[in-house]
Amino acid sequence: MRALIQADCYANRSVQLTIVAITWIALLAQNGVPCRAAPGAADPDARMEQIEEQTESFANALLDLSVAVRAGDSSRIGAHFAEQVQGTPFPRQRGELRHETKWIHRGSWPLASEDRLLTHAEMVGSLCTFLNGFSQVEDARFKVKKSAVQPHDAQIDAGIALWLVARDAQGRREWVRGKARVSARQGPEGGWRITRFALSSLDSMVSVREIFSEVSQPAGLSASAPHFLERSDPGFAAYGAAVADVDGDGFVDICITAPQGNSLYLNQGNGTFVDRAEAVGAKFLRTTSVAPLFLDYDNDGDQDLFLSSIGEQVLLENRLKPDGKLVFWDISDSAGVARSAVGFSAVAGDVNQDGKPDIYVACYNRYGEILPDRWDGATNGNPNLLFVSQADGTFREVAAEWGVANTGWSYAAQFADIDTDGDLDLYVANDYGGGNALYVNSGKRFHDLAAKRGVVDHGYGMGVSFGDYDNDGDVDLHVTRMSSTAGRRILARFSNEELPHKGVLENLAAGNALYENLGQGSYREVSAEAGPFSGGWAWGGGFFDMDNDGWQDLYTPNGFISGKTLKDT
């Protein structure tokens, strides 16, 4: 089974839910855990796969229902329900809203106290009436959180969660969340019909103020990437953005890397941007640029551009000073940074306190050509790079000397003085549970003290951000990681005795992590009490004060490849 995963699905980095489920079974096997057999089952591995195969089949049916609900298609909605359904109808009206925090109000939906037998028309009609109470439905999701499947029986009993992002009758954004107990039977054609749908909870959060509006198109920032199958760049690469005032006019500009070439959007000062990357020498380069980093590498007062890349790393010198004109020169070779690597992101900081910025590159590996040596602790990534600035304006790569040549599949890193001793420390986030590192700076070398400082993190690390979330004067840590509904569902089938490493595996599927700085750079995880922070297939993101109230908020982008259906995400 593991060979199938490596050779087939993981070669394309598929995120279909069936693959996620099988992956978690493989992780259990990798950790020496036999799958639990049902009474009378001859092959426990086959039994587990049978359970998850049926569960995922039903989960996919719920995704079809999600699409139908999002489209408001009563005929397609009705196709998912049996002629009679035991359960509770959807309520017609939300209860009175009450203020919760800032501009967010909360309201509950009154539910029937007891299940009853509903006709197909009553069940479907109640759902459609519920949906018609919104002026617009933006998204809908039904997901299986737990399930029970009887051997040789085409029936499933499940606990599901449902979400609805919509606009209420007044046009305000509303997020509806609920839970339900559901049963369904599979017909001879393979389709599922819901025979029980009993809501156990349903509530809403309503934003009484409009905070953000999508303005990329009128601002001149709207762009589309080629179809995934038509891309000529490495299919495993992600891309990024950075902001800085590159032309010295007092307005922030934006650099974006993309498969078809980089864009450098210059701010026109009137809320619009114009892409000048080609005109200033920043569009097409010799390698695949993944993530941009602005820094004043030569301390001349303008912003230069470093591009972490698949291939040779790139440094572009901004000639605004001394030439007085915005033009970038590729000085990668002469500056000593043209090191070949699989650079996925970069950060800058003065690690040796000489007054010049140094550059750390978080490196991944060539996914598909090379596979992780473990799915829950990979260590065969491309070694990370540390370019330290020299007196003559060049850089020297010293990651091994400084103890930071991490070989996890690194996505991101960040500098911060975590222990307030005056120098910069370094946190590195690794994919595939590769053990994130907290490198504490001792002057001429870093030491990985993640375990000692309480931030050993074996999740699928995708991003890192420092910020003072509790306003106590020290820097706390947010780690962007993956969360998996299927993974948590599979792990719930095992006890701690059956699965000694259950906590480690649960961490891989738990979502983002938040660590509170206890002082002097020691941390404790507060994800559960402050969150939780389930972000799906999460990337980057981190702390920023969204509403200018003096408290750090958190943002997490997520998703992977967008397909035609929710099953092909």
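The values are calculated or read from the model by the stated rules, or taken from the named source; none is laboratory data. Nothing here was measured: the structure is a model prediction, and the numbers come from that model. Here Cβ is always computed from backbone atoms with ideal geometry, including for glycine, and neighbour counts include all displayed protein chains. The area values use the complete protein model at the heavy-atom level, side chains included, leaving out ligands, DNA and RNA. Shrake-Rupley method; radii C 1.70, N 1.55, O 1.52, S 1.80 Å.
Counting only trypsin sites (Lys or Arg not before Pro) that are in a DSSP loop and have at most 11 other C-beta atoms within 10 Å, tell me the longest site-free stretch of the chain. Could the numbers behind the result be given before it?
Numbers: sites that count: Arg209, Lys325, Lys444, Lys564.
Longest gap between qualifying sites, sites excluded: 1-208.
The radius of gyration of the Cα set in the chain, together with its Dmax, comes out at 25.8, 81 angstrom.
Of the chymotrypsin sites (Phe, Trp or Tyr not before Pro) found in the range 439-529, not one falls in a DSSP loop while having at most 10 other beta-carbon atoms within 10 Å.
Leaving out ligands and nucleic acids, note down the accessible area per residue over the range 514-560 with a 1.4 angstrom probe, in whole Å².
Values: 2480 Å² over 47 residues.
I get 53 Å² per residue for this part.
Reported value for the range 311-448: 113 Å³ per residue, from the convex hull of its C-alpha atoms. Checking every one of the GluC sites (Glu not before Pro) in the range 39-140 against DSSP loop status and a limit of 12 other Cβ atoms within 10 Å picks out Glu96, Glu114. Can you give me the angle between helix 17-30 and the longest principal axis of the chain, using Cα atoms only, in degrees from 0 to 90, rounded to the nearest 10? Tilt of helix 17-30: around 70 degrees.
Helix 44-71 axis versus longest C-alpha principal axis of the chain: approximately 90°, rounded to the nearest ten. Restricting the range 469-539 to GluC sites (Glu not before Pro) that sit in a DSSP loop and have at most 14 other Cβ atoms within 10 Å of their own Cβ leaves Glu497, Glu498.
Length, then width, then depth: along the principal axes, the Cα atoms of the range 414-569 run 49, 41, 28 Å. Excluding ligands, DNA and RNA, the accessible surface per residue across the range 151-304 is 50 Å² with a 1.4 Å probe.
Taking all Cα-Cα distances within the range 196-334, those exceeding 21 Å account for 50%.
For the range 139-199, the Kirkwood hydrodynamic radius comes to 13.1 Å, computed from all pairs of different C-alpha atoms. Taken one residue at a time, the phi angles of the range 174-184 give Karplus couplings (6.51, -1.76, 1.60, θ = phi - 60°) of 10, 10, 9, 10, x, 9, 8, 9, 10, 10, 8 Hz. Gly and Pro are set to x.
Below 8 Å between Cα atoms, with a sequence gap of 6+, how large is the relative contact order for the range 173-263 in percent?
Details: 99 pairs, mean separation 17.8, N = 91.
Once divided by the residue count of the range 173-263, the mean separation gives 20 percent.
Calculate how many DSSP beta bridges within the chain are antiparallel, expressed in % of all such bridges and rounded to the nearest 5. Beta bridges within the chain, antiparallel portion: roughly 95 percent.
Here the accessible area is traced with a 1.4 Å probe on the protein chains. For the chain, carbon and sulfur cover 50 percent of it. Report summary: the helix-based calculation at 222 nm, which adds -39500 (n - 2.57) for every DSSP H run with n ≥ 4 and divides by the residues of the chain, gives -5000 deg cm²/dmol.
About its Cα centre, how strong a charge dipole does the chain have in debye, to the nearest 20, once Lys and Arg get +1 and Asp and Glu get -1 at the Cβ?
Values: 50 positive and 76 negative charges, 512 e Å.
Computed about the Cα centre, the dipole is about 2460 debye.
Shown here is the pair-distance distribution of the range 420-511: with all Cα-Cα distances grouped in 5 Å bins from zero up to the longest one, the shares run 3, 13, 19, 20, 17, 12, 8, 5, 3, 1 percent. Distance between the 7 Å Cα→Cβ label points at Asp157 and Thr420: 5.6 nm.
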